[in-house]
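The values are calculated or read from the model by the stated rules, or taken from the named source; none is laboratory data. From a predicted model like this one, the values you see are computed outputs, not experimental measurements. Cβ sites come from the backbone with ideal geometry, for glycine too, and all protein chains shown count toward neighbours.
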Amino acid sequence: MTKLITQEGLKKIKDELEERKGPIRRRIAAAIKEAKEQGDLSENAEYTEAKREQGENEMRITQLVSLIKEAEVVDNKKGSGVVQIGSRVKVRFHKREMEFQIVSSNEADPINFKISNESPLGKVFLNKKKGDKVEAKTPQGIVKYEILEVK
């Protein structure tokens, strides 16, 4: 199944994969070796913890490899004026202005105003342009937004 992603998001995934395959794997291997040298593994909490961490790291590596294989980098048509994945959207609502970036679901970071194209807000912004007015169902109820700018 293809997953849409921005170029920035793909780079982030590749960077994490390299970190996990290199420095993190080496650190865990050293911890396992050190714990083995302590003797009896049946009651060795350090060994058990290192093996658990190794399993989690290897599982994350598998997930990242899968994400990269399934990723389709979005070709954001710059200057089209239409909201797409990768677009920054400046909006007005309740007399306030905010700017969001529309990203793929695995790049979403609401604290940094990166919202998923699959989120309720992301869905209503997609394919809209400057001047369009949209309504989105939020935890606070229905909110009306006016799109002020698309970058």
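Apart from one condition, LYS3 fits all of (1) modelled with pLDDT of 95 or more; (2) within 22 Å of the chain's Cα centre (by Cα); the exception is (1). Taken residue by residue, region 56-63 has at least one member that is under 30 Å from the mean Cα position of the chain (by Cα), more than 30 Å from VAL134 (Cβ to Cβ) and among the acidic types (Asp, Glu). Can you confirm whether region 39-55 contains a residue that is of a type outside the set (Ser, Thr, Tyr), surrounded by 15 or more Cβ atoms within 10 Å (Cβ to Cβ) and in contact with a strand residue (DSSP E or B) (Cβ under 7 Å, 6 or more places away or on another chain)? No, every residue in region 39-55 fails to be of a type outside the set (Ser, Thr, Tyr), surrounded by 15 or more Cβ atoms within 10 Å (Cβ to Cβ) and in contact with a strand residue (DSSP E or B) (Cβ under 7 Å, 6 or more places away or on another chain).
Looking at region 124-133, can you tell me whether even one residue there is surrounded by fewer than 15 Cβ atoms within 10 Å (Cβ to Cβ), under 22 Å from LYS11 (Cα atoms) and not charged (D, E, K, R)? No: region 124-133 contains no residue that is surrounded by fewer than 15 Cβ atoms within 10 Å (Cβ to Cβ), under 22 Å from LYS11 (Cα atoms) and not charged (D, E, K, R).
Suppose the filter is touching a Leu at 6+ places or on another chain (Cβ under 6 Å) and within 23 Å of LYS12 (Cβ to Cβ); does VAL74 pass it? Criteria met by VAL74.
Tallying residues that are surrounded by 14 or more Cβ atoms within 10 Å (Cβ to Cβ) and either charged (D, E, K, R) or over 26 Å from the mean Cα position of the chain (by Cα) (or both) within region 134-148 yields 1.
State whether the residues of region 99-108 include one that is of a type in the set (Phe, Trp, Tyr), more than 13 Å from THR6 (Cα to Cα) and in a strand (DSSP E or B). Yes; the residues of region 99-108 include at least one that is of a type in the set (Phe, Trp, Tyr), more than 13 Å from THR6 (Cα to Cα) and in a strand (DSSP E or B).
Does GLU70 fit the bill of being under 30 Å from THR138 (Cβ atoms) and under 18 Å from the mean Cα position of the chain (by Cα)? When the stated conditions are applied, GLU70 passes them.
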